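The values are calculated or read from the model by the stated rules, or taken from the named source; none is laboratory data. If you're wondering where the values come from, they're calculated on a predicted model, not measured in any experiment. Here the Cβ positions follow ideal geometry from the backbone for every residue, glycine too, while neighbour counts run over all protein chains shown. Note: accessible area is taken over every heavy atom of the protein model, side chains too, but ligands, DNA and RNA are not part of it. Shrake-Rupley method; radii C 1.70, N 1.55, O 1.52, S 1.80 Å.
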Amino acid sequence: MQNRLKLLILGIFGFFIFIFFSYLVHKDLFTQLDFNTTVRLQDNIPRRFDEPFSIFSEIGKFEPMIILLVIILLLRRKLWGIVAFGFFGFLHILELYGKIFVEHLPPPEFMLRAKHLIDFPQFHIRSEFSYPSGHSARAAFLSIIFGIIVLRSKKLSKIHKAIILSILIVYDVVMLVSRVYLGEHWTSDVIGGGLLGLSLGLLSILF
């Protein structure tokens with residue numbers, strides 16, 4: 001019960017941070033930081049990473065992530081999976097809301113380095129504005145769910161848990177960095193998406 005209460009508090013707190021951060025983004029408080037971060041990443045990461053990062057970003061689209069969520073929940077065989085799907089859907093409703101009402105233009109065309117190499121059916125959200133990053137939100141959402149499942153597992157040793165959790169952290173970092181480096185999103189977009197996915201992931205794991 002105590003652990004559930006902690007998850008509830010963390011989830012609600014994270015969600016309110018997302019709302020507050022969204023307000024700051026709407027007020028254009030991170031414009032210079034966003035631009036400087038993108039320039040630094042693109043200046044310091046060789047262009048040979050364009051294609052690997054682009055392929056990696058394809059994994060973060062709606063279609064592969066919903067398949068991964070289905071696999072995780074089928075393996076768990078728990079009724080709370082229905083709730084997780086509900087929160088996953090709510091995540092995309094909030095993403096759509098942000099991309100309509102938080103007037104935050106994406107990076108300019110000359111910064112775009114993404115190569116769209118895999119043609120998934122396009123069910124992800126398209127909008128003139130870029131906040132929050134859906135890729136970041138989905139990555140954080142699934143990582144927190146899978147991470148807590150791993151932590152609670154009685155079949156895995158501490159070493160195995162540490163390895164899996166390290167892989168999840170690396171995955172999230174690479175996903176967030178790739179979105180900024182490829183010129184698809186600003187840093188504030190991926191931070192906002194990460195906060196959204198993290199908070200809803202914590203709330204969904206309660207069930």
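Of note:
- Among the residues of the range 140-157, those that are farther than 27 Å from GLU51 by Cβ, in a helix (DSSP H, G or I) and open to solvent by less than 40 Å² (accessible area, probe 1.4 Å) comprise ILE144, ILE145, GLY147, ILE148, ILE149, VAL150.
- Of the set (1) in contact with a His (Cβ under 8 Å, 6 or more places away or on another chain); (2) without any contact (Cβ under 8 Å) to a residue 40 or more places away in the chain; (3) β-branched (Val, Ile, Thr), all apply to VAL102 but (2).
- Only one of the listed residues (LEU74, LEU91) is loosely packed, with under 12 Cβ neighbours inside 10 Å and not charged (D, E, K, R). That residue is LEU74.
- Candidates are the residues of the range 7-28 that are surrounded by 13 or more Cβ atoms within 10 Å (Cβ to Cβ) and among the aromatic types (Phe, Trp, Tyr); the one that is farthest from HIS104 (Cα to Cα) is PHE15.
Quick grid of which residues meet (1) open to solvent by 30 Å² or more (accessible area, probe 1.4 Å); (2) polar (S, T, N, Q); (3) in contact with a Phe, Trp or Tyr (Cβ under 8 Å, 6 or more places away or on another chain):
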{"site": "ILE159", "(1), (2), (3)": "yes, no, no"}
{"site": "ILE163", "(1), (2), (3)": "yes, no, no"}
{"site": "SER166", "(1), (2), (3)": "yes, yes, no"}
{"site": "MET175", "(1), (2), (3)": "no, no, yes"}
{"site": "VAL190", "(1), (2), (3)": "no, no, no"}
{"site": "GLY194", "(1), (2), (3)": "no, no, no"}
{"site": "GLY197", "(1), (2), (3)": "no, no, yes"}
{"site": "GLY201", "(1), (2), (3)": "no, no, yes"}
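- Considering residues of the range 82-108 that are over 19 Å from the mean Cα position of the chain (by Cα) and at pLDDT below 90 only, the residue farthest from ILE71 (Cα to Cα): GLU103
- Inter-residue pairs, beta-carbon under 6 Å, first without any contact (Cβ under 8 Å) to a residue 40 or more places away in the chain and in the range 162-186, second of a type in the set (Val, Ile, Thr) and open to solvent by less than 50 Å² (accessible area, probe 1.4 Å), 6+ apart: ILE164/VAL150
- Residue under evaluation LEU8, criteria (1) modelled with pLDDT of 95 or more; (2) of a type outside the set (Ser, Thr, Tyr); (3) under 21 Å from LEU200 (Cα atoms), criterion not met: (1)
- Total residues in the range 1-32 satisfying the condition of being closer than 22 Å to VAL180 by Cα, of a type outside the set (S, T, N, Q), over 20 Å from the mean Cα position of the chain (by Cα) and assigned to a helix (DSSP H, G or I): the figure is 0.
- Selection from the range 41-67 of residues that are surrounded by 13 or more Cβ atoms within 10 Å (Cβ to Cβ) and among the basic types (Lys, Arg): LYS61
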